[in-house]
Amino acid sequence: MIEPLLTVRDVCELFRVKDQRTARKLMREMEHTEKPLLVTERAVKAWLSKKTLPPESETRQAIRKGAKHGRT
C-alpha cells in the first residue's frame with residue numbers, strides 16, 4: 001500500500017508556516033518527488049528526527065559530565 005503523500009499546503013499546515021516558499025525549502029531537505037513536489041509521512045518523520053534536539057537540561061548535563069571526565 002502506498003503511504004499518504006503530503007503537498008506543499010499540507011506541509012504549511014503541519015509546520016505552521018504561511019509562506020509556501022518556506023514549505024518547499026523544507027520539503028526539498030527531505031526525500032521528495034518533484035513535479036509535483038510531494039513528501040511522504042515517513043520522510044517528514046525521518047527529517048524531524050534528524051532535526052530534533054534533546055532538552056537543553058540534558059545537553060548541559062552531558063557537557064558537565066564530559067568536562068568533569070576531561071579534567072581527571
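Brief remarks on what is shown
- With helices as the sole contributors, the chain gives -18500 deg cm²/dmol at 222 nm; each DSSP H run of n ≥ 4 counts as -39500 (n - 2.57), and the sum is divided by every residue.
- The chain: relative contact order in percent, alpha carbon pairs under 8 Å with at least 6 residues between: 27 percent
- Excluding same-chain neighbours fewer than eight residues apart, the aspartates and glutamates reachable from residue 50 by a Cα-Cα span under 14 Å are 29, 31.
- The HN-Hα couplings worked out from phi for region 13-29 by the Karplus form 6.51 cos²θ - 1.76 cosθ + 1.60 (θ = phi - 60°) are 5, 4, 9, 6, 10, 8, 7, 5, 4, 5, 4, 4, 4, 4, 4, 6, 7 Hz, whole numbers, x standing for Gly and Pro.
- Net charge dipole, region 5-71: roughly 420 debye, given to the nearest 20, about the Cα centre with Cβ charges of +1 for Lys and Arg and -1 for Asp and Glu.
- Residue 64-residue 29 FRET efficiency (beta carbon distance; Förster radius 35 Å; 0.05 resolution): 0.60
- Across region 32-38, computed HN-Hα scalar couplings (Karplus, 6.51 cos²θ - 1.76 cosθ + 1.60, θ = phi - 60°) run 8, 10, 10, 6, x, 6, 9 Hz from first to last residue, x flagging Gly and Pro.
FYI, it's all coordinate maths here, none of it is from the lab. Worth saying up front: this structure is predicted, and the values here are computed from it rather than measured. Every residue, glycine among them, receives a Cβ derived from its backbone with ideal geometry; neighbour counts consider all protein chains shown.
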